[in-house]
Amino acid sequence: MSTALRTRNGTLPNPRHIGAFADDSSRRRTIVLLGIDGAGKTTAAESLVKVLKLSGTPAQLLRNPAGRRWLSRVAERFGTSLSPSWANRIESVVRCVNVLRAHLKATTFHGTTVMDRHIACQLVLQSVRGLPRGHVLPWLIARLPRPEAIVLLDLPAELAQARIILRGEDSETLLYLESAREAYLRIAQDKGWHIIDGSADPEQVLSNIARVVSRAS
């Protein structure tokens, strides 16, 4: 088996996950993974797509970043900082462009599209920054094709921060992570998203996501 099918930690997807999709057809469906920084969204999304492909189900992974880290690095490089409102404006544009492109690709793909992040992430950032929701983002969400399943990977802020420190790429304050987690959970409970324990073993997290995906119509 090709090493290209290995997950980020170098291990192959557990065969028991493959069985969950053995009877899946190439019907179109979109699965969105959300969560605070350090929740394991990207790792889970990559593993899910690989498992789907191993089962014979066409699958693609599309990422929808807002460029927040890049924007912070640029501001730091020039010795300046953006106000929360201006940062939100720029990030919202970048996020929306990425999400619109992702949905366009999803509509022409016969199989499962897994999206890493979505516009809801920007709503959470607005909440954490104390900014109003506004009308544009909710309006856009209401008009985009509804994903067959939205999964929130939830975990304690302390664990998320430890993971961020371990990867050594950036940093987040505990206060920010706690506030973001609370915002995500409020929206998830209001919208009826699937909430999965992101602090569990990666194999268990993938198994739980696989069950959600296998039931998505």
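The values are calculated or read from the model by the stated rules, or taken from the named source; none is laboratory data. Treat the numbers as computed from the prediction; the structure is a model and nothing was measured. Cβ sites come from the backbone with ideal geometry, for glycine too, and all protein chains shown count toward neighbours.
Results, tabulated for the structure shown:
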| read-out | value |
| --- | --- |
| Candidate set from segment 76-131 (those that are of a type in the set (Val, Ile, Thr) and either touching a His at 6+ places or on another chain (Cβ under 7 Å) or more than 30 Å from Leu52 (Cα to Cα) (or both)); member that is surrounded by the most Cβ atoms within 10 Å (Cβ to Cβ) | Val99 |
| Of residues in segment 105-125 being in a loop (DSSP other than H, G, I, E, B) and in contact with a Leu (Cβ under 7 Å, 6 or more places away or on another chain), the one farthest from Ser92 (Cα to Cα) | Arg117 |
| Segment 41-60, subset crowded, with 19+ Cβ neighbours inside 10 Å, modelled with pLDDT under 95 and not in a helix (DSSP H, G or I), residue nearest to the chain's Cα centre (by Cα) | Thr57 |
| The lone exception for Val205 - which of (1) surrounded by 14 or more Cβ atoms within 10 Å (Cβ to Cβ); (2) within 27 Å of Arg73 (Cβ to Cβ); (3) modelled with pLDDT of 95 or more it fails | (2) |
| In segment 151-202, residue surrounded by the fewest Cβ atoms within 10 Å (Cβ to Cβ) [restricted to those that are in contact with an Asp or Glu (Cβ under 6 Å, 6 or more places away or on another chain) and more than 20 Å from His118 (Cβ to Cβ)] | Ile164 |
| Residue that is nearest to the chain's Cα centre (by Cα), among those in segment 13-37 that are small (Gly, Ala, Ser), in a loop (DSSP other than H, G, I, E, B) and modelled with pLDDT under 95 | Ser26 |
| Segments classed as helices (runs of 4 or more DSSP H), wholly inside segment 126-199, with at least 1 members that are under 25 Å from Arg29 (Cα atoms) | 136-143, 174-191 |
| Answer residue from segment 61-75, given it is modelled with pLDDT of 90 or more and of a type outside the set (D, E, K, R) and is surrounded by the fewest Cβ atoms within 10 Å (Cβ to Cβ) among those | Pro65 |
